[in-house]
Amino acid sequence: FEIRITPLTVGEKVLSSGYAYGWMNPITFAHVVELLNFRIEEDIYPGMIVRDGFIGGMSGGPIYDVNGKVVGMVQRSTVQVGYGVEAATILAFLKPAAPAQ
């Protein structure tokens, strides 16, 4: 798989895959990005909200663009919307910390 670093845009179509309900085979759903990097009160959430939620058990599964590049990871959901974290945010956390001087 290839990770896409360029940011998502509102209205962009994405796909999600995962083992919903613990099934033996993965399923794939289509979504539309509704909101990016949103704020609730004082907290900023560096992620995406997609229309039509994910299904329980898909957490940790990939979210990818229509070209098959990974753009994020499924985090949580309701029936109406799903929340995912963008690939660039995940990569920023995975970078090794600079050694203390």
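With respect to (1) outside any strand (DSSP E or B); (2) free of Cβ contacts under 8 Å to residues at least 40 places away in the same chain; (3) of a type in the set (A, V, I, L, M, F, W, C), the lone exception for F38 is condition (1).
Within the stretch 2-44, work out how many residues are surrounded by fewer than 10 Cβ atoms within 10 Å (Cβ to Cβ), under 16 Å from the mean Cα position of the chain (by Cα) and on the phi > 0 side of the Ramachandran plot. Of the residues in the stretch 2-44, 1 are surrounded by fewer than 10 Cβ atoms within 10 Å (Cβ to Cβ), under 16 Å from the mean Cα position of the chain (by Cα) and on the phi > 0 side of the Ramachandran plot. The criterion of being of a type outside the set (S, T, N, Q), part of a strand (DSSP E or B) and in contact (Cβ under 8 Å) with a residue 24 or more places away in the chain does not hold for Y21.
Of all residues in the stretch 47-70 being open to solvent by less than 50 Å² (accessible area, probe 1.4 Å) and in a strand (DSSP E or B), which is nearest to V32 (Cα to Cα)? Applying the filter and picking the extreme gives V50.
Of the residues screened, L94 is one that is more than 15 Å from L8 (Cβ to Cβ) and either open to solvent by 50 Å² or more (accessible area, probe 1.4 Å) or at pLDDT 90 or above (or both).
The values are calculated or read from the model by the stated rules, or taken from the named source; none is laboratory data. Keep in mind it's a predicted model, so treat the numbers as computed, not measured. Because the Cβ atoms are built from the backbone with ideal geometry, glycine has one as well, and the counts that use them run over all protein chains shown. Side chains are part of the model used for accessible areas, which takes the heavy atoms of the whole protein and leaves out ligands, DNA and RNA. Shrake-Rupley method; radii C 1.70, N 1.55, O 1.52, S 1.80 Å.
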